[in-house]
Amino acid sequence: MVALTPISRKPVSFYVPVAAAAGAIAGLFVGTANGSGFLGVIIGAIIAGALAFLLTQIVKNEKLGRWATTIIVAGVGYFMAGIPGLIIGAAFGWFFGWFSFWLYEGRYRAKVAPYLTPGQVLWHFAFRVICGAIFVFLITPILVVMPLSFNAENFFTFTPEMLSFDPAGYSLKHYRDFFNSSDWQGAVWNSIKIAPAATFLSVSFGTLAAIGLSQQHVPFRRAIMAILISPMIVPLIISAAGMYFFYSRVGLQGTYLGVVLAHAALGIPFVIITVTATLVGFDRSLTRAAANMGANPVTTFFRVQMPLILPGVISGGLFAFITSFDEVVVVLFVGSAGQKTLPWQMFTGLREQISPTILAVATILVGISICLLTVVELLRRRSERLRGMSPT
Amino acid sequence: MSDVNNATTAPNSALAAERAEDEYTGPMLAADGTPLKRSLNRALRRQKISALLLIAPLLIFVLVTFVAPIADMLFRSVENKIVQDTLPRTTTELKNWDSEGGELPDQAVYKSLYQDIYVAQERKLHTRLGSRLNYELTGASSLFRKSGRGVDDIGEVYQDQFEDLNAFWKKGENWNDVLGSDAWLATMKDWKKASGDAQPPFEMRDGIADILPQTANYYLIFADFVQNEDNDNLYKEDPWPLVYSAFYDDLTGPTAEQIAAYAGPGATELAQAAAAAPSFDSVDYAQAFADIDKDWVELPIWQTIATYSPRFTNGYFLNAVDMQKTPDGPALRPDDERIYWTLFKRTLFMSVCITLSCILLGYPVGWILANLPARTANLLMILVLLPFWTSLLVRTSAWKVMLQQQGVINDTLVWLGVVADDSRLALINNQTGTIIAMTHILLPFMILPLYSVMKTVPPSYLRAAKSLGATNWTAFWRVYFPQSVPGIGAGSILVFILSIGYYITPEIVGGRTGTFISNRIAYHISSSLNWGLAAALGAILLAVVLGLYYAYDKIVGIDNVKLGG
């Protein structure tokens, strides 16, 4: 729905007070940081209101006005608080320059429906600000970890050196610790040994079963599905407890095989879900056509069916891989010191002697997840395109 | 694939059959001449079997690696064979004892207790039983440890008297000569430990079990222990004091005549012992146990043993809901010992809080993702999916780092002047920390189902409602919201199920007051080793989760679970 609302310039009596209100909020933060909130509100409101008036009524040239504001406010910030002040000032300046013209030209109405009342327009933007805050909440923890991992000190917060972008405040020392520590390297190797084996098991069993489940007539389909999905639903601590008791009975507790089997079981629901979802769009007449032309079931599977459902199988496999690679509760109980995986090592680190090396590991893991996420997204889109479910 | 061919060619043959109707009036036939109905049925059956064959490997795999462990855990939550296995004779004797009568058990019970504990302490099992009973009765653990050390003295009373009577009874070789069969003795004498061969298993001399039944009985236990658990040379091993007390019982028992008639090896020594035994100092078992610890002559320990004698118990479950078994049946524990109910309440309360805050934060995001143009929505979707794909440990460590007293959030708040430097917020190691971190971790599980439901709600409905005169709120509340309820339901159940069993995050950011029932389960498995209680708590949690799972299946259908949008 693209609304073509005609826009027009607004009167001074509207946009100057609005800009002043925004300035008051910004001033509140700067003010409290410097000691007096009330003074900050007053000064912020005056500056922002004056700025809006100045830019729109006297400077009038939008490009020039916005650049000038950005540079001037950045300069003021630099004098007040050095390099961090410069950055914050530039951001403030850019924002208020843009905001003044946005209000003045009435651009804020351009993309909303023409019949909305001013209150509804205000709500429309307030709602977006709220959503923006939630997105910030979602992504901040991940973003905070990354720069902190380059901390030169053993602190878990930004040091003054880091905030002033002093190169001395940053170092790769936690990464060096990670690569030089035999504990961490051993954990990485264990994870690399366990996850692919578990993935292989869950993908090979899971794909077969998903093909079976998507046949037309499957007796007890719901019950079977419920059992196969249950490892995802049953709380991990219960799975871990049960596996610990049972695997100790049969002598699998504390063995590599035990951990692989446990992880494979946990990964199976993901394979089943993704592969059955892919098979929904699979055209059964293709296998019949292949059979008609003389292919045996095995050939049909590998030459006709498999290439078409491959994206689903791969993303199911990636899910299974990340499940095993990330899993800590089950391995904590089923494994022994010899199977200490990366998440386990992180868990011990977090619980006992928390060291910033964890942040370096976390950053590396975020990198891996970004790669996996990209692959899964690409595969999903490709599969939707192949099956004609998406126009793009 | 031939079955599929059959099924598809069937209509053609049906046509052929129709044409042939003039000559043929029986049931419709398939191409191969079988009735069509049967042929179709067979094809269907084959299809079903082939589908099941494809599923079978995975089903078996999941049953063995996952369902069996869960079943084992459920079994453990009621299983209680340790008391009966460790104290077999005592529990049998105790069956005749009236635990509510206020009387102590009789001598026979104390005597069998002595025999049981003696065997158990040799096998180092008595401490395990002690810690098991300690869950029910504080002090049982030390009582059993003490008794394990004390029972040696009880048997030595007889051992010393027999050895004083005749040094013959001192030596293991002599005992073996009397009790072992000739064939076994012959092979045993040839056996060398160094040879690495297995020790020839002990065989009783014919007839000994008739004349010395109890001695034979305990000697067999002794022999089995020495040969199979200690791996010592049985022939050279001196018997346990327990064997001497059994020997005394036999000599003074009802088989005196048969003993007199015995003529095998060591007959003279046996006759001498039989003559002397009646004049030996005898042991008062009850008194002996009272000397070890006076708890043995008080009722609670006996009531506990009697209550926990059966092979199965509901004791763990009662414990898990803050009750205990008493002689008068289940009863609530004293107020200050009721920890699990508090813990269950807290788990539920915090899960509800987390679910509500996920709805509160997820609803606007789901809405905006569903209403923005596809390109922008896809970009913003990455912000939802990235946390979803990021390792749980990474997110938990991020929160641990951010929520600390000297962490990023407190620093920012102090810098902004919202809180004073000396009154930094306590955001970690309490419920607040757990709720914040888990809301963040589970939020994608709320947003994704909400988004997929909201995407199916046509935006024109809202416009239509407004054009018919509804206010914004009415249009949202009466038109849009009801259509998004399935998404809320699916997301809430998913988030609730996941949060109720969470372990890692509460363990790290929850401190003492922000932990869940799962942390208690883990504690019982790895620290207190009260596996039965852990299993019972797990079974209760599992029941709650399965109930919700069932609801989820009814509302959403498990087939409709979607991952990553």
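The values are calculated or read from the model by the stated rules, or taken from the named source; none is laboratory data. None of the values given here were measured: they were computed from a predicted structure. Here the Cβ is made from the backbone with ideal geometry for all residues, glycine too, and neighbour counts use every protein chain on show. The accessibility values were calculated without ligands, DNA or RNA, using every heavy atom of the protein model including side chains. Shrake-Rupley method; radii C 1.70, N 1.55, O 1.52, S 1.80 Å.
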- Task: List the longest stretch of chain A that has no exposed loop site; here a site is one of the GluC sites (Glu not before Pro) assigned by DSSP to anything other than H, G, I, E or B, with at most 16 other Cβ within 10 Å.
- Result: A:154-351
- Share of alpha-carbon pairs per 5 Å distance bin for segment A:284-356, given as whole %: 3, 14, 15, 11, 9, 8, 7, 9, 7, 7, 5, 3, 1, 0
- Query: Just the Cα atoms of the protein assembly as shown: what Rg and Dmax do they give in Å?
  - Reply: 38.6, 132
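What are the equivalent ellipsoid semi-axes of segment A:1-123, built from the alpha-carbon gyration tensor (square roots of five times its eigenvalues), in whole angstrom, biggest first?
Working: eigenvalues 156, 54, 33 Å².
Taking √(5λ) for each eigenvalue gives 28, 16, 13 Å, largest first.
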- Can you tell me the Rg and the Dmax, both Å, for the Cα atoms in segment A:1-54? 14.6, 47
- Over the Cα atoms of segment A:206-305 the radius of gyration and the largest Cα-Cα distance (Dmax), both in Å, equal 17.6, 52
- Query: Which of these, A:Leu228, A:Leu54, A:Leu86, has the largest mean-square fluctuation under a Gaussian network model of chain A (Cα springs below 10 Å)?
  - Reply: A:Leu54
- Taking each pair of different alpha-carbon atoms in segment A:181-386 once, compute 1/r for the pair, average those values, and report the inverse of that mean as the Kirkwood hydrodynamic radius in Å to one decimal. 18.5 Å
- Query: Cα-Cα over 25 Å: which of A:Lys10/A:Lys111; A:Lys10/B:Lys466; B:Lys81/B:Lys325?
  - Reply: A:Lys10/B:Lys466
- Task: Check cross-link reach from B:Lys236 to the lysines: straight Cα distance under 25 Å, and skip same-chain residues fewer than eight apart.
- Result: B:Lys124, B:Lys170, B:Lys171, B:Lys189, B:Lys192, B:Lys193
- How do B:389-398, B:42-51 rank on mean C-beta neighbours within 10 Å, highest first? B:389-398, B:42-51
- Once the dipole of the protein assembly as shown is set up with Lys and Arg at +1 and Asp and Glu at -1 on Cβ about the Cα centre, which of B:Ala167, A:Val144, B:Ala263 lies farthest towards its positive end? A:Val144
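Put B:Leu403, B:Leu54 in order of accessible area, largest first, 1.4 Å probe: what do you get?
Final ranking, largest accessible area leading: B:Leu54, B:Leu403.
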- Query: What does the convex hull of the alpha-carbon atoms of chain B project to on average, in nm²?
  - Reply: 50.5 nm²
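Can you tell me the length gained on complete extension of the stretch A:Lys193 to A:Ser248, counting 0.36 nm per residue apart and subtracting the Cα distance?
Result for the pair: 17.6 nm of gain on full extension.
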- DSSP-loop trypsin sites (Lys or Arg not before Pro) across segment A:66-175, with at most 15 other Cβ within 10 angstrom: A:Lys111
- Task: Can you find, among B:Leu529, B:Leu450, B:Ala398, the residue farthest towards the positive end of the dipole of segment B:340-560? Put +1 on the C-beta of Lys and Arg, -1 on that of Asp and Glu.
- Result: B:Leu450
- In terms of modelled amide H atoms, which long-range or inter-chain residues lie less than 5 Å from the amide H of B:Gly180? B:Arg205
- Task: Over the alpha-carbon set of segment B:298-374, work out the extent along each principal axis and list the three values in angstrom, largest first.
- Result: 78, 28, 15
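Which value, in debye to the nearest 20, gives the size of the charge dipole of the protein assembly as shown about its Cα centre, when Lys and Arg are +1 and Asp and Glu are -1 at the Cβ? Walk me through the numbers on the way to the answer.
Working: 70 positive and 71 negative charges, 1619 e Å.
My answer is approximately 7780 debye.
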- Computed label-point distance, nm, for sites B:Lys345 and B:Val64 using a 7 Å Cα→Cβ extension: 4.7 nm
- From the phi of every residue in segment B:286-297, what ³J(HN,Hα) in whole Hz does the Karplus formula 6.51 cos²θ - 1.76 cosθ + 1.60 yield, where θ is phi - 60° and glycine or proline is x? 4, 5, 4, 5, 4, 5, 5, 7, 6, 4, 5, 9
- Sequence-distant residues sharing a close amide H with B:Ala30 (under 5 Å, placed H): B:Leu36
- Note on the structure: Taking every C-alpha to C-alpha distance in chain A and binning by 20 Å from 0, the per-bin percentages run 19, 36, 33, 11, 0
- Counting Lys and Arg as +1 and Asp and Glu as -1, each charge on the Cβ, what is the dipole of segment A:181-386 about the Cα centre in debye, to the nearest 20? 580 debye
- Hz values of 3J(HN,Hα) by residue in segment B:172-189 - Karplus curve (6.51, -1.76, 1.60), Gly and Pro given as x: x, 4, 5, 4, 5, 4, 6, 8, x, 6, 4, 4, 5, 4, 5, 5, 5, 5
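Where in segment A:89-196 are there chymotrypsin sites (Phe, Trp or Tyr not before Pro) that are in a DSSP coil and have at most 16 other Cβ atoms within 10 angstrom of their Cβ?
A:Tyr115, A:Phe155, A:Phe165
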- Using Cα centres only, tell me the gap between segment B:284-319 and segment B:327-400 in whole Å. 45 Å
- Counting other chain Cβ atoms within 10 Å of each Cβ in A:260-270 and taking the mean gives 3
- Query: With each label point set 7 Å from Cα along the Cα-Cβ vector, what nm distance links A:Phe14 and B:Leu360?
  - Reply: 3.4 nm
- Mind checking which lysines have their Cα closer than 20 Å to the Cα of B:Lys37? Skip sequence neighbours fewer than 8 apart in that chain. B:Lys48
- Message: Given Cβ point charges of +1 (Lys, Arg) and -1 (Asp, Glu) and nothing else, what value in debye, to the nearest 20, does the dipole of segment B:340-560 about its Cα centre take?
- Response: 420 debye
- Item | For segment B:438-483 and segment B:105-163, distance of Cα centres in Å | 70 Å
- Note on the structure: Taking Rh as the Kirkwood radius computed over alpha-carbon pairs of segment B:231-387 and applying Stokes-Einstein at 10 °C with viscosity 1.306 mPa s, one gets a diffusion coefficient in µm² s⁻¹ of 65 µm²/s
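Work out, step by step, the length gained on full extension between A:Ser181 and A:His217: first 0.36 nm times the residue separation, then minus their alpha carbon distance; give nm to one decimal.
On the way: separation 36, 0.36 × 36 = 12.96 nm, distance 5.51 nm.
Using 0.36 nm per residue and subtracting the Cα-Cα distance, I get 7.4 nm.
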- Note on the structure: The correct ranking of A:His263, A:His124 by accessible area at 1.4 Å, largest first, is A:His124, A:His263
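Would you mind giving the average projected area, over all directions, of the Cα convex hull of segment A:254-327 in nm² with one decimal?
Working: hull surface 22.7 nm².
Across all orientations, segment A:254-327 yields a mean hull projection of 5.7 nm².
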- Message: If I model a spin label as a point 7 Å beyond the Cα along the Cα-Cβ vector, how far apart are those points for A:Ala91 and B:Thr471 in nm?
- Response: 3.8 nm
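Taking Rh as the Kirkwood radius computed over C-alpha pairs, what is the Stokes-Einstein D of segment B:107-250 at 37 °C in a medium of viscosity 0.692 mPa s, expressed in µm² per second?
Details: Rh = 16.4 Å.
Stokes-Einstein gives a translational diffusion coefficient of 201 µm²/s.
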- Of the residues A:Ala68, A:Thr363, A:Leu236, the Cα lying farthest along the dipole of the protein assembly as shown towards its positive end, which is defined by charges on the beta carbon of Lys, Arg, Asp and Glu, belongs to A:Ala68
- Item | Note, ³J(HN,Hα) from phi for segment A:327-341, Karplus 6.51, -1.76, 1.60, rounded to Hz, x at Gly and Pro | 6, 10, 4, 5, 5, 4, 9, 7, x, 10, 3, x, 10, 5, 8
- Query: What is the set of long-range amide H partners of A:Asn151 at a cut-off below 5 Å, with H atoms built 1.01 Å from backbone N?
  - Reply: A:Ser171
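Mind running the shape call on segment B:493-544? Use the C-alpha gyration tensor, a ≥ b ≥ c as the square roots of the eigenvalues: rounded below 1.5 for a/c, prolate if a/b tops b/c, oblate otherwise. Numbers along the way, then the final one.
Values: a/c = 2.78, a/b = 1.16, b/c = 2.39.
Cα axes put segment B:493-544 in the oblate bin.
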- Where Rh is the Kirkwood radius over Cα pairs, Rg/Rh for segment B:340-560: 1.04
